[in-house]
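The values are calculated or read from the model by the stated rules, or taken from the named source; none is laboratory data. Quantities reported herein were computed from a predicted structural model and do not represent experimental measurements. All Cβ positions, glycine included, derive from the backbone under ideal geometry; neighbour counts span all protein chains shown.
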Amino acid sequence: MNTLTNIIDGKLISQQIQGEIAIEVMSLIAQGHKKPHLAAILVGNDGASETYVGAKVKACDRVGFDSTLVRLPATTTEIDLLIKINELNADKSIDGFIVQLPLPKHINEHIIMQAIAPEKDVDGFHPQNVGRMALNLPTYLPATPYGIIQLLKRYSIETTGKHCVVLGRSHIVGSPISILMARSSSTIGNCTVTLCHSRTKNLKEHTLKADILIVALGKPEFVTADMVKDGVIVIDVGITRVPSDKTKTGFKLLGDVNYAQVAPKAAFITPVPGGVGPMTIASLLRNTLKSSKKEVYKLT
Ligand code: NAP
């Protein structure tokens, strides 16, 4: 039992980062720079997507960005969406934009992601930006992995030489965070990384060796106390809505880690909610600010 568990407060860190961005925006405007401008395309009216996009627009207001929400009906064709993307690519007033996922089934996500101009791809999903990340070149890091890196950095967690075990290999979380944790860095990185997925044999043998365990499965409370060693650092990315008669909304959010069991053994742990989740928006804003300052692609 580790009595010194530290809870990693993602809500607090996200607020701090947004405060820092707001100050930077004020200073840019004072120097005659235009406000950073983020646009979002929302296709259809999926409830969760509406909430996520709404939160992104509100965050833009808070930090002094301009924002544009482009709403398209669920019946929008792939061609019509590509035309809208080309418009945003060409619009000089917009620094970056996102296409909220998931898209309706008749639209191919890969085609859409590749249509976004890499210099405006503030979600960091374009193959060019993923390649730049893998090569350790300046790029827009995908929001959730970027948020995890920020949490580790701001809690001064030493990663060099540590064994990091990642559960899940999705394109948006598991794969990119495994690359970032392994890469050569003066801050967060330099880990020996094990990437596990549904075909991994004897998963527990791997998780028990983790100094840092990053879990992105979408399987509520999958990681239990017997799967981790004392003093482990746990980053729980999972968010699953499960029915609950104890909340007004009728549901509660669960992470992929059984928090009650694992927290007492952990040196650091992210709660759900309030851990990784709030960091996603902060990362998106940071990427948009980078784009507005031409920090990644030195284009005019
Ligand atoms: P995903 O695309 O569904 O990928 C899940 C991964 O887990 C896959 O690689 C899968 O392996 C692996 N997996 C499934 N069952 C497994 C098992 N029993 N043992 C080992 N590996 C297993 O999920 P995702 O998009 O990465 O999301 C994961 C979770 O994070 C979800 O709860 C999601 O809501 C949450 N999330 C949160 C944020 C945030 O901001 N906090 C952002 C993104 C996602 P295979 O590849 O072999 O199928």
### Condition check for Lys298: more than 24 Å from Ser178 (Cα to Cα) and either within 16 Å of the ligand (Cβ to nearest atom) or touching a Leu at 6+ places or on another chain (Cβ under 7 Å) (or both)
no
### Task
Those residues that are assigned to a helix (DSSP H, G or I) and more than 21 Å from Ser178 (Cβ to Cβ), I need them from the range 111-151; list them, please.
Ile111, Ile112, Gln114, Ala115, Pro118, Glu119, Lys120
### Query
When the residues of the range 239-283 are filtered to those that are more than 22 Å from the chain's Cα centre (by Cα) and in contact (Cβ under 8 Å) with a residue 40 or more places away in the chain, which remaining residue is surrounded by the fewest Cβ atoms within 10 Å (Cβ to Cβ)?
Pro264
### Query
Which of (1) farther than 15 Å from Ala182 by Cα; (2) of a type in the set (Ser, Thr, Tyr); (3) more than 16 Å from the ligand (Cβ to nearest atom) does Thr159 not meet, given it meets every other one?
(1)
### Query
Do we find that Thr139 is in contact with a strand residue (DSSP E or B) (Cβ under 8 Å, 6 or more places away or on another chain) and at pLDDT 95 or above in this structure?
no
### Task
Taking Lys105 as meeting all but one of (1) part of a loop (DSSP other than H, G, I, E, B); (2) charged (D, E, K, R); (3) under 17 Å from Leu289 (Cα atoms), write down the number of the exception.
(3)
### Query
Since Asp230 meets every condition but one in (1) within 15 Å of the ligand (Cβ to nearest atom); (2) in a loop (DSSP other than H, G, I, E, B); (3) exposed (fewer than 14 other Cβ atoms within 10 Å of the Cβ); (4) of a type in the set (Asp, Glu), which condition does it not meet?
(1)
### Task
Please go through the range 180-205 and pick out each residue that is more than 21 Å from Ile157 (Cα to Cα), out of contact with any His (no Cβ under 6 Å at 6 or more places or on another chain), in contact (Cβ under 8 Å) with a residue 12 or more places away in the chain and within 10 Å of the ligand (Cβ to nearest atom).
His197, Leu203
#### Entry: Number of the condition not met by Gly274 [criteria: (1) part of a loop (DSSP other than H, G, I, E, B); (2) closer than 15 Å to Pro36 by Cα; (3) within 16 Å of the ligand (Cβ to nearest atom)]
(2)
